[in-house]
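Take a look at the structure set out below.
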Amino acid sequence: MNDIHAQFSIDYPGFSLALDLKLPASGITVLFGPSGSGKTTCLRAIAGLQTLKSGYLSVAGEIWQSAEPPVFVPTHQRDIGYVFQEAGLFPHMSVKKNLEYGYRRIAPEKRKISVQDICQLVGIEHLLERSVHLLSGGEKQRIAIARALLTCPTLLLMDEPLSALDVRLKAEILPYLEKIHTELSIPVIYVTHSVKELARLADHVVLFNQGRVVASGNAQEIMSDPKYAEMFGDEVGSIFDTSVVGHHPHHLTELDMDGVTIWVPGHAGSDSQTYRCRILASDVSITLHEPSHTTMLNRLPVVIDVIDKHQANEGQVMVVLLLENGARLLARITLKSCIDLNLHPGMHVWAQIKSVALS
C-alpha cells in the first residue's frame, strides 16, 4: 500500500508513452532522460493534467485514476503540490500573500506545517514583505517551492524546477531541496535532464528514452551500472551516501562510507551529517599495487567485478569495482590500459580517486 503505482498509455502523432511503474511513496524519485523522452508527460498524467483514454494511478493506497471501475480524481482534488519550470507567482501580491494563497487552500485541521517553519526551511523569512517584481530568479523559485509545500501535499511534483536558472542560482537552491528531503516526509517526484541534480537528490530513479522506461530502481545501483552509462555521457559515475566524520587541517573533510574513508576538499557538511558524495568514472584510476608517493589521497583496495567493453570501439572500457563494503565504484579507463595491465574480473587491484574532483 505504501507505494505509487502509475500505469499510463498515451499516443500523440509521432510520440507515444507507455509505462507501468511502482515507485516508493517516500524520498525523492527522479524521472531522468533526454528532452522529449516522456518525463513531463508522465508527471502531468500523475497530476491529472494529461487526458488519458485509459490508465491507472494509486498513491499510498488511494486510487486517483482507474479504468475499471471508472475513477478519475480531478487535479484540484488530488492531494499534490506542483512546482513548474517557471515560478508562476502572482505578480500583484507580496511574497507573504503568495504563500498564504497556498496555505488557505487547505482546511486548518489538515495543516501539518506552519508558514514560519516553511519560510525558515527554504530561507525566505527576510523576503515576506517584498514585491514579487523585486525578486531574483532563485528567490522566486524558492517561494514557489514554499507555496507548494504549504498545501501539505501527499505528493510533491517538480518539473525541472531549476532549468530556467543559471549555474550560480542552481547551486543556491539545491541545498534547500536537500533540506526538504531530509526534514520533511513528503514524497517527491522530480523531473530533470541534469545528471548533477539526479546524483545530488535521487533515492530512486526512472530512466526514460523515447517514451519508454529503460530502468527503474535504486539511484546508487542504476548510476553505477555500466549498461546505462551512455545515458549519463561524460558525467557517468557513482554516488554514495556518507557520514561526515570531521573536518581536518588543510581544508579537508573526512567522510565515512560504511567503513570506507573518503577525503573531499573543503568544509562539507556538519559532523555526523549525511553527505551525498559523487565520484565521476573518469576521475578513478586503477593500479595493480598499493600506491605510494602519490598526490591521490583516496587509495582504496578493490576487486574488479565487471569489465564492460561497449565503448571499446572508442578506445575505452568501463570497469565496475567492488569496495571492501560491497559498494560499487565505476572507473572509465582506456582499452589499452586494460590490456596492458591484463585486467580481468576477480582481480584484486587498487583504485585511486582525485580528491579535488569530488563533489
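The values are calculated or read from the model by the stated rules, or taken from the named source; none is laboratory data. Bear in mind the structure is a predicted one, so any value in this text is a computation, not a measurement. In this analysis, Cβ positions are derived from the backbone assuming ideal geometry, glycine residues included, and neighbour counts consider all displayed protein chains.
General remarks:
- You will find that of Thr192, Thr151, the residue that is of a type in the set (Val, Ile, Thr), within 30 Å of Val317 (Cα to Cα) and touching a Lys or Arg at 6+ places or on another chain (Cβ under 9 Å) is Thr192 and no other.
- Yes/no for Phe240 being in contact with a helix residue (DSSP H, G or I) (Cβ under 9 Å, 6 or more places away or on another chain), of a type in the set (Phe, Trp, Tyr) and over 23 Å from Thr182 (Cα atoms): no
- The number of residues in the stretch 276-297 being surrounded by 17 or more Cβ atoms within 10 Å (Cβ to Cβ) and either among the charged types (D, E, K, R) or touching a Leu at 6+ places or on another chain (Cβ under 8 Å) (or both) comes to 9.
- Going through (1) under 23 Å from Met231 (Cα atoms); (2) at pLDDT below 95; (3) within 26 Å of the chain's Cα centre (by Cα) one by one, Ser272 falls short only on (1).
- Boolean, Ala67 is modelled with pLDDT under 90, of a type in the set (A, V, I, L, M) and in contact with a helix residue (DSSP H, G or I) (Cβ under 6 Å, 6 or more places away or on another chain): no
- Any hit, the stretch 109-128, residues being in contact with a strand residue (DSSP E or B) (Cβ under 8 Å, 6 or more places away or on another chain) and over 28 Å from Gly48 (Cβ atoms): yes
- Unmet requirement for His76, which otherwise passes all of (1) in a loop (DSSP other than H, G, I, E, B); (2) under 30 Å from His133 (Cα atoms): (1)
- Extreme residue, nearest to Leu177 (Cα to Cα), among residues of the stretch 22-47 that are in contact with a helix residue (DSSP H, G or I) (Cβ under 8 Å, 6 or more places away or on another chain) and not in a loop (DSSP other than H, G, I, E, B): Ile28
- Looking at the stretch 98-186, the helices (runs of 4 or more DSSP H) lying wholly inside it that each contain 3 or more residues that are touching a residue at least 40 places away in the same chain (Cβ under 8 Å) and under 27 Å from Ala25 (Cβ atoms) sit at 137-149, 167-183.
- Only residues that are surrounded by fewer than 18 Cβ atoms within 10 Å (Cβ to Cβ), modelled with pLDDT of 90 or more and closer than 18 Å to Val191 by Cβ were counted in the stretch 1-17, giving 0.
- Residues that are closer than 15 Å to Ile353 by Cα and assigned to a loop (DSSP other than H, G, I, E, B) within the stretch 290-322 comprise Glu290, Pro291, Ser292, His293, Thr294, Thr295, Met296, Leu297, listed in sequence order.
- Taken as a whole, the condition of being touching a residue at least 12 places away in the same chain (Cβ under 8 Å) and loosely packed, with under 14 Cβ neighbours inside 10 Å applies to Phe90.
Rundown of residues vs (1) under 28 Å from Thr29 (Cα atoms); (2) touching a strand residue (DSSP E or B) at 6+ places or on another chain (Cβ under 8 Å); (3) modelled with pLDDT of 95 or more, yes/no style:
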{"position": "Ile222", "(1), (2), (3)": "yes, yes, yes"}
{"position": "Glu230", "(1), (2), (3)": "yes, no, no"}
{"position": "Glu235", "(1), (2), (3)": "yes, yes, no"}
{"position": "His250", "(1), (2), (3)": "no, no, no"}
{"position": "Pro265", "(1), (2), (3)": "no, yes, no"}
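- Ser35 vs. criteria touching a strand residue (DSSP E or B) at 6+ places or on another chain (Cβ under 9 Å) and surrounded by fewer than 14 Cβ atoms within 10 Å (Cβ to Cβ): no
- One residue stands out among those in the stretch 96-145 that are among the basic types (Lys, Arg) and within 18 Å of Ala171 (Cα to Cα): the one that is surrounded by the most Cβ atoms within 10 Å (Cβ to Cβ), which is Arg142.
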